[in-house]
Structures are given as C-alpha cells and as structure tokens.
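Okay, so here's the structure we're looking at.
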Amino acid sequence: MKIGDIFERRQRGELTFQSIMELTLNNLEKDELLHAFLYKRPPEELMKEAQQADALWDQGIRKPLQGIPVAIKDNICVEGLPCTCGSKILENYVAPYDATVVKKLKEAGAIIVGKTNLDEFAMGSSTENSAFGPTRNPLDTNLVPGGSSGGSAAAVAAGMSLLALGSDTGGSVRQPAAFTGIVGFKPSYGAISRYGLVAFASSLDQIGIFAANTMDALLGAFVLFGKDPMDSTSTEIPIGPEPSQHNVRRIGVIKELSSLGLQPDVERVYTQFLNTLAKQYELVEVSIPHWEEALAAYYFVAPAEASANLARYDGVRYGSTVEANTYWQSVRMARSLFGDEVKRRILLGTFALSAGYKDAMYDKAQALRQWLIYEFNEAFRTVDIIVSPTTPNLPFPIGAVSDPVEMYKCDLFTIPANLAYLPAISVPAGFTGNLPVGAQFIAPRMQDYKLLSFAASLEVR
Amino acid sequence: MAYKFVAGLEIHVQLKTKSKMFCSCPTEGPDTPNSRVCPICLGHPGTLPVINKEAVLMTLALGKAMNARINRVSKFHRKNYFYPDLPKGYQITQYDVPLIEDGVFVMITGKKVPIRRIHLEEDAAKSVHIGSSGRLTGSQQILLDFNRSGIPLAEIVTEPVFESPEEVAMFVEELQATLRYLGISDAMMENGQLRCDVNVSVEVDGKEGTRVEIKNMNSTKAIRQALSFEYERHVRAYEAGVQLQVETRTFDEQSGETKAMRRKETSEDYRYFPEPDLLELHVTDELMEEANKYNGSFHEAYKDALTWLGREKEARALALNKEQFSVFKALVTKGGDIKYVSRAVLIELPNMLSEEGKSWDQLNESHLSSIIDLLTQGKITMAVARELLWQTVRGNDPLEYARSHGLLNAGATDLEAVVADVLAKNPDVVEKYKKGNTNVLSFLVGQVMKQTKGTAKPDAVREVLIKRLSE
Ligand SMILES: [Zn+2]
C-alpha cells in the first residue's frame, strides 16, 4: 500500500495509524530470522506514537509522514539511540544528537522503528561485514540483501517499515534495493543534509531513501531535501516537475556497458526492460568512456577520505574504550576492533595519500573524476536521462563471495553517479525466477525531481 | 669567525570570536574543563564543520593591516595525525591556498618584516600531562580539556629576517599591540592566546647554520632569554666544532635554558588533502567591506604618541599599552596639558594602579577627564589633582569627592577676601615685609593656604599677596 493510499484510507476511516503499526509489529517478528535491525524500539513506545498520530489526525493535524513507520540505517544519528555503524568500535555508542534527516522525519510525523544493520561503516556490498552478523534477503533468506544498507532494504522489503534511510557512497542504497526488489534513491550530492550521517567518504556519501514504490520515495525526498546550515555542502534543489510532466523523451543507453560482464539472467531481464522502455521513449546510445575506470578512481578517493574520517576512533572520547598503558597502545588496541574490510580500506587510503604516492593515486583519481563529470555533461546534452542495470549480478548466497575485488565489482554500475555527484534511482525491472533485477536511472545534477517523477510515471503505467 | 643570528617565526593567535571556528560553542565562559563543548568540537561521528564568518573577517582585517594579498578563493585541508588532543584525528587548516599571503609588517624601527602567509585553522584541546615533564611519552595521566578544541587560530608565518633575539621580542610586542588595537585577539602569551615558535639558526661566515625550532616561550621576556641562550649555544658548538642537531627544543623558564624535545622527523607526512566537508572559501566584496569594522591601528597610536611625547622609545612604550594609550588620548583630547597628562598617565597612575592591584581597564575615563576639567578651569591644584587620581583609582567619583571634601578652589574673589583677612590678622608681618624683609612672604602664603585648605594655587596666592602688599 502506498503512503498516499494510507492517508486516503485513514481519511475514510478504513484504517488507523495504530493498525498500520500493528501490521508493522507483526512483520517485525520476521526480523528474528532476517536480522535487518540492530536496534528495535520497544513496541509499547511505537504503539503510543501511533496512537498520538491518530489523535493528531482526529484533531485535523496533517503532516507529510504522519504515523508512517520508518527505519534508519545504523550510521545515522538518532538522539538517545545506539549508533554502532555495524562496528565493535562503536558498540556502546549512543548518539547525543539527531541527524538533520532524523529531525526532519520527526517533524514530518514519521515514527522511527529502529536502527538497521549495515556493512561496518558502510563498507561493503552484502551487509556481511557487519560486526553483529549478516542480514538475510527477505526474498530468499539464503541470499544476501546487498549492501551496505542491507538492513534498511530488508526492512522495507519485508514490510517492517514503509520507508527506510540508507547511505549511498558507491551504490549502498541502489544495489540493496535491486537485490530486494524495491526502490532505492540516491539524491544529487548536497540535496539531502549529511549532518548526522557517520562519514565514510565525505565527497561521495549521500543519504538515500528506500521505499516499496517511487511515489513513496518521492514523498520521503520531499521531506528530506533542502539546504542545511549544519552541512556546508548541502544545497537547495529546484522543486518540480510533477510526475505527469517529467518531460523525459530521450533515454541514454551506455555504450561501454555491453563489455562489462553482466550475468546472463540479469542481461535478459534488463534487455526486456529496455524493450518496454523503447515503446515509450527514444533510446539513444551514449558514451561514458571512463565508466569502468571510475571503479578504480573510487577505490582511491573513497578509502583516502575514509582513512581520515575514521581516524577519530581512538578509544579516547567515546565508543569502546580499552585498558591500555599508554595512549599509543590504546589507539592500537581500540582500532584493532575494526573489521578486516575497514582496516583494508584505511590502509589503502592512507597509502593513497602518502607522500610519493599521492600524485599517482589520489590526485590522479580526482582528475579521473573530473573527466567522468565532463563525460556525463556531454552525454546529457543529447539525452534527458541515462539507464543502466543497477548491478551486474543477482543476489548471491551468504558467504559465496570472499574475494574483496569480486565484491567491489557489485558497484560497477552505481559508483559513477557518486563520483559525478548525480542523482540516481534503482527501480525493479523484472524477475528471473524469484530473484529481482534492478534498473538504474541517472539524471543530471539537481534534477532529482525530474528523475523521481519519471520513475514514478513508469509505475503508473 | 663571524656569527649572525637568523630567525623566522610561526605565530598562532587565538581569535577573539564569540563562537568557535567550526561550531557554535562559546570561546569564553566558565573555565570548568569540558564545559564549552558540543558533538562537533568533540569530533563525534556524523558531525560537520561550518566556517565561522567572524574568524574570516578578523583574519582579513589582519591581512589588510599588513598590506597583504587576500586570496579571494582559499581552501581548507585536513592535516592528518594522531594525538590525544586532536578529536577528529585531523586538524582542519589551510594548506596550499591560505586566506592571506605576502604581507609586510613595518616595525617601529622601520624594519620591514615580510609576512609569508596567514591562514585559518582550529585549535586542539588543552592537554595536561601528569607525571612527566609536560610530554606525552612517559606521562602517567593525560587530562584533556576540549574547551580549547576548535577555537579559531590565525597562523602567521614570517620570512626568516630577524637578526637578534631583541628584534624578535620587539616584533612580537608590536604584533600583540596590532592584534589588540584591531580588536581581534587579546594576544596574551601567558595563557596561550599567542604562541610563538621560532626557527633559529646561526650563520657562520655567511654560511647557513643548523636550524632549530624553539617552542614554549610564554612571554616576550622568555623569547629574549631563550633566543639569547640558543644563539650562545650555537656559537659555542661552532667554536668547539660540535655538530648541532636539527630538532625542536623547548624553553625551560626555571633554568633559562632550551632543552631538546624531539628530533625533527624529516619524513613527517601529514597526508594533506582538501577538506571535503567544506566548500572553497570565497571572499566577496561584501566580506572585504565588512572586515573594515576591525580597524584600530597600533601604528596610528604610535604616531599620536610620538607627537605628544617626542621621544621614540617612550612613544613606543605608550602605544604598546592599548589601555594606557587610550587614557592618555582621552585626557589630551579633553584639553589636558601634555606635561600634566604625561606625569599622571605615565608615572602616577601606573604606580597607583599597581599599588591598588588594579588594571587600566578598571579606570573610569570620564572620571579622569573630570579631573582634567577641574585643572584647566583652575578649580584644583596639582596636589588636589593627585589626591583625586587616587580616588579615581579606588573607584570613587573625583568630582563628588572634591566637592564633599571642600577641595574645590574657592575662586579669585574669595582669594582676595582671604588675603585681606590674613593681612589684617598679621600687621607685624606686613610691617616686616614693607621694611624689605620679603622672606616673610612665604609665611603669609602658608597662612592663606591654610585658610583655603590647600585649594588655592600657591602661585595665585603669591601674586595676590604681592599686589596687596605693594598698595
Ligand atoms: Zn562545539
């Protein structure tokens, strides 16, 4: 049921927010098996808030997300709730403040259900890197839900919340959305405030939205968009157009993707999806020559920024503390609580920034990023929107991918939008057996509304 | 062999903004440790920095005062290193493109000190190491106070042009005054508002010497001592043929000596990269204009002081003390006689203030100028003025005090009456005077003074007496 329908039916007296919450609580029982949540708020509190939402509604008060259960990825701060980032190092950390997005959700009347599982510090593509155990895919519990925001994706896919927030640094919202058969939206860089999102790679991180359908994602985005005085990199984005007036005519299909090794099942569903699109829109081949190299650039830029962002975890001021004889020993011991993937990226990033290597690695990666931005700009001169598969592969069994580089390839299609600051969305493109395939649309920077409106119009048809 | 002292400075100045560099915590307030902190300046996960506009304005003002180039677009970088006082594991600072470059500071001596750059950054927490000589290694306990974490710092880097310890100290004094007149920092070295690191070397017969960095000098006196010690140490080493180490040394006030702190790790790699959480800093015309609100000038003050006092050394000393200068200026502007104002402000008030344990800013300028008024109107004598200065220093209203204690000069007609009275009461003395014994005049002056309770001016009394006695 769309959130809009819930409000209509609430208006007609066919349901209450309490009944929605009861349904949510029922679904939350599945979390025993799925492990989408690292922290769930007590049911009594949730029911009480639903009751209040009903009472306010009866008084004539209407808020954009009134009584709507939402889940928050556990790297976004909610005051008074744990914020572990899926890491031992923050196992006991309780956030002392609300992220701007959380403030906005609360003001919009949403009810926060809990904090969802993730790859440690959002580094991963399967949610297996969580220090607190993996999340299972609600469509097939032997499979991963994708990552790093796998918990949030599973929460929405299993009806444990109607919306969920994730973070997307290289595909961490879109890829799990594709793996769980739902919608995942990553806005333009700066469209949604990052204040309160625990940083992984600051120039790539964006808070994104999971929803069962694009209209819900649009509603969530409407609530969360906006410049925030607490985030200097945030910006206002122009509102509109309406879903009916998105004005998309020409869709770009990326030339270079044909050689990038799609799994045959993914390719088949994706081709069918393109054929359907072709009935309505003009499909035009566009070229982004540095698409594949973008993955390499990403794996210098993101770890470099991460190596600095994660330096604050020294066991001195908050989080897990250790018994040590000296400061340096304490730093070493506290930081040994990081998982392997986090350590790997800190090492890689430290190396990429080191004197003598920075020119060849970090600086070169940044230059490549500028090329990529240029190539997208060129492509958008001829097309309104670009389409690609969201992932090259289908959801895989838990434990099946052990080679980190193989895992990195999951993000081959999603990373370029992060590097180029572009808005992108993954929508369900079809199924192969019981497994979903996602299609990704990418729009020019700041045209988030156009992107969402276009994607929503596909659902209407 | 010919030895030449060479030094360049790196000076960190805490700017006097209301809030910190990247968060809204107050910079001043209760000294209770960790009472002025928030998730941002504690480096909590998820927090982001926002540039303090006032800190930018203050640095612009300093750049303007030094005729420097202002980079209309500058950048912030992350400087990465681990230390317990550094909450984020990196310091946000400016690196390749600082806000200010290529300025000049003209010293009172006329020496031009080239300023290489001035950049903005954030201060670290204050750490107290217990159980060692102020060092991390070997300390039993480290106490951290994050009240200082995130205080805006302007780092000023000079070219190595200083030729003596005295010159360094004089530069620092004049820089302190410049910052205070601008109103952008209190620049007290004792409490770390101004921290000066000096790179010293001694040239031998024109050949560059080993460079050593000296830290922890908490006063200009300490700078003089530390650098003189260091100069002699270098000369001794060259004389003895001993190889000096490139190192950082700390000044020990107790012994007056510098001590090795750590070897310079030449490979120190801070892995600078552009701060992705901040946009480039754009200095608009509006900001340039707004920075003009910080416009007080030490050099202007010195010019005034020189006009009043004539001698460079005295004028510099007066101008260096902003509060003292301000009192001086107020009294002169009020029409005070320079000679009197000099005596009152340069000699009497400093003594009185130190005796009463008070400072210049506790003085009420309008009270002081009412004393000047009374003096110029001839209503009080110098002796009374001195008494009234005391009262002012003690916090009393001098006019009020003079009135209630009958210290105000009675005026010319009253003086005539008192003189007539005194002459009438002492006919024998008048007789002596008229016979040519002019020595008795002082007796008569004394009698008049007594009757007027000292409010009459002795010169005027003498004048009136002579006039009456010659009639
Ligand atoms: Zn703060």
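Give me a single rounded figure for A:301-312: the average over its residues of other chain Cβ atoms within 10 Å of their Cβ.
Partner-chain Cβ atoms within 10 Å, mean over residues of A:301-312: 5.
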If you put +1 on each Lys and Arg Cβ and -1 on each Asp and Glu Cβ, how big is the dipole of chain B around its Cα centre, in Debye rounded to 20? 900 debye
Whether segment B:259-380 is rounded, prolate or oblate, judged on the alpha carbon gyration tensor where a/c under 1.5 counts as rounded: prolate
Going out from 0 in 10 Å bins, what whole percent of all Cα-Cα distances in segment B:415-469 drops into each bin? 26, 62, 11, 0
Can you tell me the 0 to 90 degree angle between the C-alpha axis of helix B:412-425 and the longest principal axis of chain B, rounded to 10? 50 degrees
For chain A, what does the helix formula give at 222 nm: sum of -39500 (n - 2.57) over DSSP H segments with n ≥ 4, over the residue count, nearest 500 deg cm²/dmol? -11500 deg cm²/dmol
Treating each Cα of segment B:1-153 as an identical point scatterer and ignoring solvent, apply the Debye formula and state log10 I(q)/I(0) at q = 0.15, 0.20 Å⁻¹. -0.88, -1.23
Show the residues, 5+ positions off or on another chain, whose built amide H is closer than 5 Å to the amide H of B:GLU275. B:PHE76, B:HIS77, B:ARG78
Take B:ASN439 and B:ASN67, extend 7 Å from each Cα along the Cα→Cβ direction, and tell me the distance between the two endpoints in nm. 6.7 nm
Taking 0.36 nm per residue of separation and subtracting the Cα-Cα distance, what length does fully extending B:SER297 through B:GLU159 add? 47.4 nm
Run the numbers on chain A and let me know its relative contact order in percent, using alpha-carbon pairs under 8 Å that are six or more apart. 18 percent
Checked against a 23 Å limit on the C-alpha separation, the offending pairs among A:LYS2/A:LYS450; B:LYS221/B:LYS313; A:LYS63/A:LYS227; A:LYS104/B:LYS79 are A:LYS104/B:LYS79
Once the dipole of the protein assembly as shown is set up with Lys and Arg at +1 and Asp and Glu at -1 on Cβ about the Cα centre, which of A:ASN377, B:ALA260, A:THR350 lies farthest towards its positive end? B:ALA260
Could you list which residues have their amide H under 5 Å from that of B:ARG148, counting only those 5 or more apart in sequence or on another chain, with H placed in the peptide plane? B:LYS126
From the phi of every residue in segment B:320-330, what ³J(HN,Hα) in whole Hz does the Karplus formula 6.51 cos²θ - 1.76 cosθ + 1.60 yield, where θ is phi - 60° and glycine or proline is x? 5, 9, 4, 5, 5, 4, 5, 5, 4, 5, 4
Taking a probe of 1.4 Å and counting only protein heavy atoms, give the total accessible area buried between chains B and A in Å², rounded to the nearest 100. 2900 Å²
Where a label projected 7 Å from the Cα of B:GLU166 along Cα→Cβ would reach, residues of segment B:202-236 with amide N under 18 Å: B:220-232
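Would you work out the relative contact order for chain B, in percent, from Cα pairs under 8 angstrom that are 6 or more residues apart?
Reported relative contact order: 14 percent.
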Semi-axis lengths (Å, descending) of the ellipsoid that matches the C-alpha gyration tensor of the protein assembly as shown: 74, 34, 24
In debye to the nearest 20, how big a dipole does chain A give about its Cα centre with +1 on each Lys and Arg Cβ and -1 on each Asp and Glu Cβ? 480 debye
Tell me what chain B gives for mean residue ellipticity at 222 nm when only DSSP H runs of n ≥ 4 count, each as -39,500 (n - 2.57), the sum divided by the residue total, rounded to 500 deg cm²/dmol. -11500 deg cm²/dmol
Between B:ALA460 and A:SER244, what is the spin-label point distance in nm, taking each point 7 Å from the Cα along the Cα→C-beta axis? 9.7 nm
A:LEU283's amide H: which non-local residues (gap 5+, or another chain) put their own amide H closer than 5 Å, with H modeled 1.01 Å from N in plane and none for Pro or chain starts? A:ILE251
Whole-Hz Karplus couplings 3J(HN,Hα) for segment B:310-316, θ = phi - 60° and coefficients 6.51, -1.76, 1.60, Gly and Pro as x, run x, 9, 4, 5, 5, 5, 5
By the mean-Cβ-within-10 Å protection proxy, highest first, B:240-246, B:390-396, A:102-108, A:235-241 rank as A:102-108, B:390-396, A:235-241, B:240-246
Calculated FRET value between A:ARG344 and A:GLN370, using beta carbons and R₀ = 25 Å, to 0.05: 0.40
Inter-chain shielding metric for B:442-455, i.e. average beta-carbon neighbours from other chains within 10 angstrom, reads 0
³J(HN,Hα), Karplus 6.51/-1.76/1.60, whole Hz, each residue of segment A:159-167, x for Gly, Pro: x, 8, 7, 8, 10, 8, 9, x, 10
Provide the convex hull volume over Cα atoms per residue for segment B:3-292, in Å³. 141 Å³
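Suppose the chain between B:ASN351 and B:GLU239 were pulled fully straight at 0.36 nm per residue; how much longer would it get relative to their current alpha carbon spacing?
Residue separation times 0.36 nm, minus the Cα-Cα distance, leaves 35.7 nm.
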For peptide A:75-82, how many partner chain Cβ atoms fall within 10 Å of a residue's Cβ, on average? 1
Please name whichever of A:GLY13, A:LEU422, B:ASN34 sits farthest to the positive end of the charge dipole of the protein assembly as shown, dipole taken about the Cα centre and charges placed at Cβ: Lys and Arg +1, Asp and Glu -1. B:ASN34
What's the ranking of B:218-231, B:458-471 by average number of surrounding C-beta atoms within 10 Å, highest first? B:218-231, B:458-471
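Which of rounded, prolate or oblate describes segment B:321-404 when judged by the alpha-carbon gyration tensor and an a/c cut-off of 1.5?
Values: a/c = 1.61, a/b = 1.16, b/c = 1.39.
The shape class here is oblate.
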Of B:PRO160, B:LEU99, B:SER24, whose Cα points farthest to the positive end of the dipole of segment B:3-292 (charges on the beta-carbon: +1 Lys, Arg; -1 Asp, Glu; origin at the Cα centre)? B:SER24
Mind running the shape call on segment A:3-224? Use the C-alpha gyration tensor, a ≥ b ≥ c as the square roots of the eigenvalues: rounded below 1.5 for a/c, prolate if a/b tops b/c, oblate otherwise. prolate
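Quickly rank A:177-189, B:41-53, A:14-26 as a protection proxy: mean count of other C-beta atoms within 10 Å, highest first.
A:177-189, B:41-53, A:14-26
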Here the tail fraction of P(r) beyond 40 Å, over all Cα-Cα pairs of chain A, rounds in percent to 14 percent
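The values are calculated or read from the model by the stated rules, or taken from the named source; none is laboratory data. As the structure is a computational prediction, the values presented were derived from the model and not from experiment. Glycine gets a Cβ as well: all are built from the backbone with ideal geometry, and neighbour counts include every protein chain shown. Each accessible area value is taken on the protein alone, full model and side chains, heavy atoms only, with ligands, DNA and RNA left out. Shrake-Rupley method; radii C 1.70, N 1.55, O 1.52, S 1.80 Å.
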